[in-house]
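The next block holds one structure in the form of structure tokens; read it before the comments.
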Amino acid sequence: MGVQDYEIHGCVGKGTFGDVYKANSIKDNSIVAIKVIHLDDTTEDINVLIQEIQFLSGLRSSYITKYLETFINGMSMWIVMEYCGGGSCGDLLKCHKKLNEEVTAYIIRDVLRGLVYLHGQKKVHRDIKSANILLTIDGKIKLADFGVSGEITMTQLKRNTFVGTPFWMAPEVITRQKSGYNEKADIWSTGITTIELVTGSPPLSEHNPLKILFEIPKKKPPVLTGIQFSENIKDFVKYCLIKDPTKRPSSSSLLHHKYVTNIKRHVNLIQLIEQKDKWYKKYHITKKPKHELNFEESTSEKVHWNFDSTRKLSPMQQTLIEDLNNLHRPYQSHKVDEEMDADSNSSSSNSINNSAVTPTSKTPISSPLPNNVNYNEVFKYCLERVKLRAKSVETRITVNNLMNNIHQYELDQPGLSEAIIEEILKLDHLLQR
Amino acid sequence: MSFLFKRNPRTPQELIKNLNESIEKIDLSNDNHRKYQDECSKYLKQIKIILHGDDEIEPQPDQITLLAQEIYQTDCLYYLTKYLSNLDFDSRKDVAILFSTLLRRKISNKSPTVDYLISKNEILILLMKNQEVQEIGLICGSILRDCIKFEIINDFILNNKYFWNYFNYVQNEIFEIATDSFTTLHDLLTIHKKLVSEFLADNYDYFTKNINKLIQSKNYVTKRQSIRLLSEIVLTRSNQFFLNKYFDDTINLKLIMMLLSDKSKNLQIEGFHIFKFFIAKPKKSQKILDILIKNKDNFIEFFEKFDLSSFNDSNSIDEKDYILNEIKKLPDIERL
């Protein structure tokens, strides 16, 4: 369960909070859609997101995209859903500009069926629009992208930051608080979507969405006009767009409306999907993700906290141990103490052949310092620190001289620095006993 | 609804009796399991109508009383819990509704269902154990959260050894199971303040060890949620004892300092909201002071760069300034 179970094919959609990828599930060789949400980008309580996913996992309807699983990869959340290969009704509109009434009725009927189920589960979709109505490759209709995006969209709206296009929003959603509307809001959006599908765009879409946002509640509901449209669809839209939500019909009663009951058996959605796919291919339209998929965790610089709470160590020893860490050598300072405690005889490996001082292998307390640390560097580093602490210029000059001398001594007598450090650590070891 | 009674006339007693019989007959390895599942589903729907009514009938109090009594007497809730995974998807949700409705039922200020569940505590234990079972974990979680709204049940669970399993459940590899368990764990430790403060005082070491382990989790969500939970616990006034002890322990300080330097901005912020207690605590232990002093320069450098502006929270910015000031007041590390 995780990233390794999926092979990412490419980005198939993008949103403010996450991009959607097509992927192959290695376990059962099926195609899935994965929504990747970057969790560290939002300071919102992630519990909202979690609750939505839990709700999603409890839905079983053939009119709703099936939830498969979620996992966490680094700082992103991967939500795996059923893949709808036919794209969205929004994609259909991009290619075909508008759909005819019969096709629209077929789509809207299944949207209503999905809503009947959802509303029965006491859930409001909140974001019904053509882009969220997906199609399977064999022409089935599925509602997608509710909750997970909806909740966030709403909190974003409250914070007056970015808002998704509000053309589909019911007046009461705009004017009232989050708790102030119910499933009837979806009915309004379904009405707007019906207009969108047969005309190519939702009403008022020629305006700036942020400017129109607060106009919607003041305006009279949009109407579908024009001799090319039947009375049935006009009537259906009129019912969906009743301003008072309490007078607006429910999804189950709308399913009895003539507009959706009079559907001919054969609506050739598959053909429309195929034409759309060809059109997309012809114009080489590909979707690019907003965020890069990041499999490697970025490494940021870490603070070198000093966690030693033993009081016996002098600041100097502290600095020494801490600074050993900072040398660009593979060396773990915390091992020093542990290994000093261990009764080890293996220190002979540390002896340097050309050493000018006796190796410590014969001394009772061994201090097996790793031999890949340049002790001359350690000394230099320590003395640099001492120099920084010097209060007067004289002290600094003295320390400088000491540094130069030590450097010279080490060149003359290789191994001197190591011997001195070993002795310091041994002393420390004895003091701690 | 009335047609159901005509075709299948039943008293509440009969209904429960039949439900108990059918549910035991469901054997998922047997081809006929659908038949019994469907029967259970039908009975549960009828129970729901007795309790809540429908378009045609209002719920009848005397019917509800008979139903509830029969449910307690026949241990129906036990069988429903035990065989929950044998029921179909929608029936499991109906079981949760049944629990929730019965729990809310009161007779002269007492909840007979709560008394029943305490006397027949196998049900509560089963609900705890099944939290990690795929398919039914979330249902068990939601039932249990309904139960622990009652302090006496919360008390029973906190003092049961299975409670500690939650610290494993929240790390379950199935996301929904892990996060649902976390919701339950959170509720168990936050709703009944007095009970929780006693529990934390009695179990300080074990609890701290467990919550610290979660904070060190590699899973971003587990990490972020558990820090949030810890924040909530220390911000609760009644948990004073826990708070004093927690902020005296250098292990905890180290853990929180690691969070401050985490690569996730959100975890840094969460870490900060706990770290501030170490600084603000009036009487600090010597060991804590030692670490703070030893890292004084580190802290000053860190907090001068610590950017909270993107979080639009002027409170936090004030707090940061206060903390930075307090750190600057710490004595310097001793000189040569």
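Kindly indicate whether any position in the stretch B:257-264 is within 23 Å of B:PHE303 (Cα to Cα), more than 7 Å from chain A (Cβ to nearest Cβ), open to solvent by less than 10 Å² (accessible area, probe 1.4 Å) and modelled with pLDDT of 95 or more. The answer is no, given that none of the residues of the stretch B:257-264 is within 23 Å of B:PHE303 (Cα to Cα), more than 7 Å from chain A (Cβ to nearest Cβ), open to solvent by less than 10 Å² (accessible area, probe 1.4 Å) and modelled with pLDDT of 95 or more. Say we look at the stretch A:43-58 and pick out the residues that are under 16 Å from B:PHE89 (Cβ atoms) and touching a Phe, Trp or Tyr at 6+ places or on another chain (Cβ under 7 Å); which of these is farthest from the other protein chains (Cβ to nearest Cβ)? Within the stretch A:43-58, the match that is farthest from the other protein chains (Cβ to nearest Cβ) is A:LEU56.
Which ones in the stretch B:281-306 are under 14 Å from B:MET257 (Cα atoms), more than 10 Å from chain A (Cβ to nearest Cβ) and open to solvent by 30 Å² or more (accessible area, probe 1.4 Å)? Scanning the stretch B:281-306 gives a single hit, B:ILE300. Residues in the stretch B:161-204 that are without any contact (Cβ under 8 Å) to a residue 40 or more places away in the chain and open to solvent by 20 Å² or more (accessible area, probe 1.4 Å): B:LYS161, B:TYR162, B:ASN165, B:ASN168, B:GLU173, B:GLU176, B:GLU198, B:ASP202, B:ASN203.
With the requirement that a residue be of a type outside the set (S, T, N, Q) and within 12 Å of chain A (Cβ to nearest Cβ), what does the stretch B:210-234 give you? Even if it seems obvious, please write down each step before you answer.
Here is the first cut: in the stretch B:210-234, the ones of a type outside the set (S, T, N, Q) are B:211, B:213-215, B:218, B:220-221, B:223-224, B:227-230, B:232-234.
If the condition is that a residue be of a type outside the set (S, T, N, Q) and within 12 Å of chain A (Cβ to nearest Cβ), then B:LYS218, B:TYR220, B:VAL221, B:LYS223, B:ARG224, B:ILE227, B:ARG228, B:LEU229, B:GLU232 are the ones that fit.
B:LEU336 meets all of the listed conditions (1) modelled with pLDDT under 90; (2) of a type outside the set (Asp, Glu); (3) over 30 Å from A:VAL399 (Cβ atoms) but one, namely (3).
In the stretch A:221-238, which residues are open to solvent by 100 Å² or more (accessible area, probe 1.4 Å) and in contact (Cβ under 8 Å) with a residue 12 or more places away in the chain?
The first filter runs over the stretch A:221-238 and keeps only residues open to solvent by 100 Å² or more (accessible area, probe 1.4 Å), leaving A:223, A:227-228, A:231, A:238.
Hits for the stretch A:221-238 are A:VAL223, A:LYS238.
Okay, residues lined up against (1) within 13 Å of chain B (Cβ to nearest Cβ); (2) surrounded by fewer than 19 Cβ atoms within 10 Å (Cβ to Cβ):
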position: A:ASP28; (1), (2): no, yes
position: A:SER62; (1), (2): no, yes
position: A:MET75; (1), (2): yes, no
position: A:ILE79; (1), (2): yes, no
position: A:LEU92; (1), (2): no, no
position: A:LYS98; (1), (2): no, yes
position: A:LYS122; (1), (2): yes, yes
position: A:ILE128; (1), (2): no, no
position: A:ILE137; (1), (2): no, yes
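Checking every residue in the stretch B:142-157 against the condition of being part of a helix (DSSP H, G or I), farther than 18 Å from B:THR190 by Cα, within 14 Å of chain A (Cβ to nearest Cβ) and not charged (D, E, K, R) gives zero matches. Remark: pairs (first residue in the stretch B:312-323, within 17 Å of B:LYS265 (Cα to Cα); second residue aliphatic (A, V, I, L, M) and open to solvent by less than 80 Å² (accessible area, probe 1.4 Å); Cβ separation under 8 Å; 6+ apart in sequence or on different chains) = B:SER316/B:ILE269; B:SER316/B:LEU308; B:ILE317/B:LEU308; B:LYS320/B:LEU308.
Please indicate, with yes or no, whether at least one residue in the stretch B:130-140 is charged (D, E, K, R), within 30 Å of B:TYR79 (Cβ to Cβ) and in contact (Cβ under 8 Å) with a residue 12 or more places away in the chain. If you could, list the steps in order and put the result at the bottom.
The first filter runs over the stretch B:130-140 and keeps only residues charged (D, E, K, R), leaving B:132, B:135.
When the remaining residues are screened for being within 30 Å of B:TYR79 (Cβ to Cβ), the result is B:132, B:135.
Adding the requirement that they be in contact (Cβ under 8 Å) with a residue 12 or more places away in the chain leaves B:132, B:135.
Yes; the residues of the stretch B:130-140 include at least one that is charged (D, E, K, R), within 30 Å of B:TYR79 (Cβ to Cβ) and in contact (Cβ under 8 Å) with a residue 12 or more places away in the chain.
Looking only at the stretch B:307-326, filter to residues that are at the interface with another protein chain (Cβ under 9 Å from one of its Cβ atoms) and in a loop (DSSP other than H, G, I, E, B); which one of those is surrounded by the fewest Cβ atoms within 10 Å (Cβ to Cβ)?
B:ASN312
For the stretch B:198-238, name all the residues that are among the aromatic types (Phe, Trp, Tyr), over 17 Å from the mean Cα position of the chain (by Cα) and within 20 Å of B:ILE251 (Cα to Cα). Walk me through it before giving the result.
Of the residues in the stretch B:198-238, the ones among the aromatic types (Phe, Trp, Tyr) are B:199, B:204, B:206-207, B:220.
Then keep just the ones that are over 17 Å from the mean Cα position of the chain (by Cα); that gives B:204, B:206, B:220.
Across the stretch B:198-238, the qualifying residues are B:TYR204, B:TYR206.
The values are calculated or read from the model by the stated rules, or taken from the named source; none is laboratory data. Just so it is clear, the model here is predicted, and its values are computed rather than measured. Note: ideal-geometry Cβ built from the backbone for every residue, glycine included; neighbour counts use all protein chains shown. For the accessible areas, the whole protein counts, side chains as well, though only heavy atoms, and no ligand, DNA or RNA atoms are used. Shrake-Rupley method; radii C 1.70, N 1.55, O 1.52, S 1.80 Å.
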